[in-house]
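Enquirer: One structure coming up, written as structure tokens, with questions to follow.
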Amino acid sequence: MLSRARTTKLLAIGAMGIAALAGLAIQAHGKQRDDSKPSVAAKTSPAKVAESATDPNTSEVAKTLKAAAEAVGLARWSGVGGQKLPEVDVVNTMELWASGTSYGLGQPSKPGEALTALNTEYHVALGFNPPAMRLEMTCTNPGTSAQGGAAPLHIIQVVREKYAWDESEIGAGLVPGKGTATPAMTTVNNRLLRLWILPYGVIKAAIAAGDKTKLSTANGATVLTFPLSGQLADVMVKATLDAQNMVARVETRTDNPALTAMNTETEYSDYADHGEIATDVKSPGHIVHKQGGHPMLDIHVKMWDTNNPYLVFPVPENIKKAAAQ
């Protein structure tokens, strides 16, 4: 559990975050410096979608996105003394801790060979403006560890906009002598995709897609289909909502043969408020992720902080230089 000082800090940051994020819209290729103001919304936002959804002429897509945003607590009405103020996008940064099973990390991929199941501790810090994510995993092979074999595998993978790198420790490469940051530019799109297939990313990206977002039904369930943008423009997303308008299943597909790793399926279930501090923002408690039809991750959430924790993702200078080459 978090300390009392950490709890107080989260409360303060959460209060400031809700006020600061009014009318915010996110695009998968937005640009921002860590020390700059958030970029101006390029299209629309949960706030505008919520307002337009009250119009009798509003499309069913807008109404569906409003319902999905409200279901997870991404948008809400606020006001003092009964005064109704516009909805705001209250989630920009978040952090989650989970445990479960990952498959094949650090293992060479061979056709037809089953990937090794690894016991995994899973920690993610992420932000949507700018789009960035730091994924930290500690994995052990239950077979070898029981026999005193290989040491746990510790992985830190980071992405921010067009940059991707691995860290030997959190914050590596920013201060001389503090760890090593290793360029991983070929993984940029795969890592960014993880961000936009989260339930919150799906809603933000579907809103940003505007008229390209289509609504349909399949087996009685509501389905949203839309393209991503920027670096991920070749990727189509199909998101299925459950009866409570929660994002239950996300499929991504691309016809680009160079991006076959972008063909994924992810299932979300057991939604609840998983934060230590209650925020009314719902997050999935169970996540199952497949890539190319093969299982890659099956985790259960222990805690999911959606109270806009203070998170930054500065790019080390050697990573910038590597990207420029």
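The values are calculated or read from the model by the stated rules, or taken from the named source; none is laboratory data. From a predicted model like this one, the values you see are computed outputs, not experimental measurements. Neighbour counts run over all protein chains shown; Cβ positions are idealised from the backbone, glycine included.
Enquirer: Which is closer than 22 Å to D273 by Cα and either surrounded by 14 or more Cβ atoms within 10 Å (Cβ to Cβ) or at pLDDT 95 or above (or both), of L115, L135?
Expert: On the way: L115 fails: closer than 22 Å to D273 by Cα.
When all the criteria are applied, what remains is L135.
Enquirer: Show the residue pairs meeting these rules: Cβ distance below 8 Å; 6+ apart or different chains; first residue within the stretch 251-265 and farther than 16 Å from V223 by Cα; second residue of a type in the set (D, E).
Expert: Once the first residue is farther than 16 Å from V223 by Cα and sits in the stretch 251-265, its partners that are of a type in the set (D, E) give T254/D234; D255/D234; N256/D234; L259/D234; M262/D234; T264/E251.
Enquirer: Here is a list of conditions, (1) touching a residue at least 60 places away in the same chain (Cβ under 8 Å); (2) under 19 Å from the mean Cα position of the chain (by Cα), and G173 meets all of them except one; can you say which number that is?
Expert: Result: G173 passes all but (2).
Enquirer: Here are K204, K214, K238: which of them is within 21 Å of G292 (Cα to Cα) and charged (D, E, K, R)?
Expert: Numbers: K204 fails: within 21 Å of G292 (Cα to Cα); K214 fails: within 21 Å of G292 (Cα to Cα).
The match here is K238.
Enquirer: Right, something else. What pairs can you find where one residue is in the stretch 207-234 and in contact (Cβ under 8 Å) with a residue 60 or more places away in the chain, the other is among the acidic types (D, E), and their Cβ atoms are less than 7 Å apart, with a gap of 6+ or different chains?
Expert: If the second residue must be among the acidic types (D, E), the pairs left are L215/E60.
Enquirer: Being surrounded by fewer than 17 Cβ atoms within 10 Å (Cβ to Cβ), of a type in the set (S, T, N, Q) and over 17 Å from the mean Cα position of the chain (by Cα) is the filter here; which residues of the stretch 241-270 pass it?
Expert: Answer for the stretch 241-270, where residues must be surrounded by fewer than 17 Cβ atoms within 10 Å (Cβ to Cβ), of a type in the set (S, T, N, Q) and over 17 Å from the mean Cα position of the chain (by Cα): Q244, N256, T260.
Enquirer: Would you please name the residue that is modelled with the highest pLDDT, looking only at residues in the stretch 151-191 that are farther than 16 Å from M133 by Cα and aliphatic (A, V, I, L, M)?
Expert: Filtering the stretch 151-191 for residues that are farther than 16 Å from M133 by Cα and aliphatic (A, V, I, L, M), the one modelled with the highest pLDDT comes out as L174.
Enquirer: Based on this model, can you work out whether L192 counts as aliphatic (A, V, I, L, M), in contact with a Pro (Cβ under 8 Å, 6 or more places away or on another chain) and crowded, with 20+ Cβ neighbours inside 10 Å?
Expert: Criteria met by L192.
Enquirer: Taking the options K320, K290, name whichever one is over 17 Å from M246 (Cα atoms), surrounded by fewer than 15 Cβ atoms within 10 Å (Cβ to Cβ) and in contact with a strand residue (DSSP E or B) (Cβ under 8 Å, 6 or more places away or on another chain).
Expert: After ruling out the rest, the residue left standing is K320.
Enquirer: Now, a different point. So L193 passes all but one of these: (1) in a strand (DSSP E or B); (2) within 25 Å of D298 (Cα to Cα); (3) within 19 Å of the chain's Cα centre (by Cα). Which condition number does it fail?
Expert: (1)
Enquirer: Sort out which residues of the stretch 57-87 are more than 18 Å from Y200 (Cα to Cα) and either at pLDDT below 90 or of a type outside the set (D, E) (or both), and write them in order of number. Walk me through how you get there before you give the answer.
Expert: Step one: of the stretch 57-87, the residues more than 18 Å from Y200 (Cα to Cα) are 57-60, 78-86.
Result: N57, T58, S59, S78, G79, V80, G81, G82, Q83, K84, L85, P86.
Enquirer: A follow-up question, please. So the check is Cβ under 6 Å with 6+ separation or different chains; which pairs have a first residue in the stretch 285-305 that's without any contact (Cβ under 8 Å) to a residue 40 or more places away in the chain and a second one that's among the charged types (D, E, K, R) and assigned to a strand (DSSP E or B)?
Expert: V288/E267; V288/D298; K290/E265
Enquirer: Could you tell me whether A272 is closer than 17 Å to A181 by Cβ and not acidic (D, E)? Full working, then the answer.
Expert: Details: closer than 17 Å to A181 by Cβ: no; not acidic (D, E): yes.
Answer is no for this residue.
Enquirer: Return the residues of the stretch 272-322 that are touching a helix residue (DSSP H, G or I) at 6+ places or on another chain (Cβ under 9 Å) and either part of a strand (DSSP E or B) or at positive phi (or both); say none if nothing qualifies. I'd like the intermediate steps shown before the answer.
Expert: Of the stretch 272-322, the ones touching a helix residue (DSSP H, G or I) at 6+ places or on another chain (Cβ under 9 Å) are 275-277, 279, 281-284, 289, 291-292, 305-310, 315, 319, 322.
Selection gives S283, H289, Q291, G292, D305, N308.
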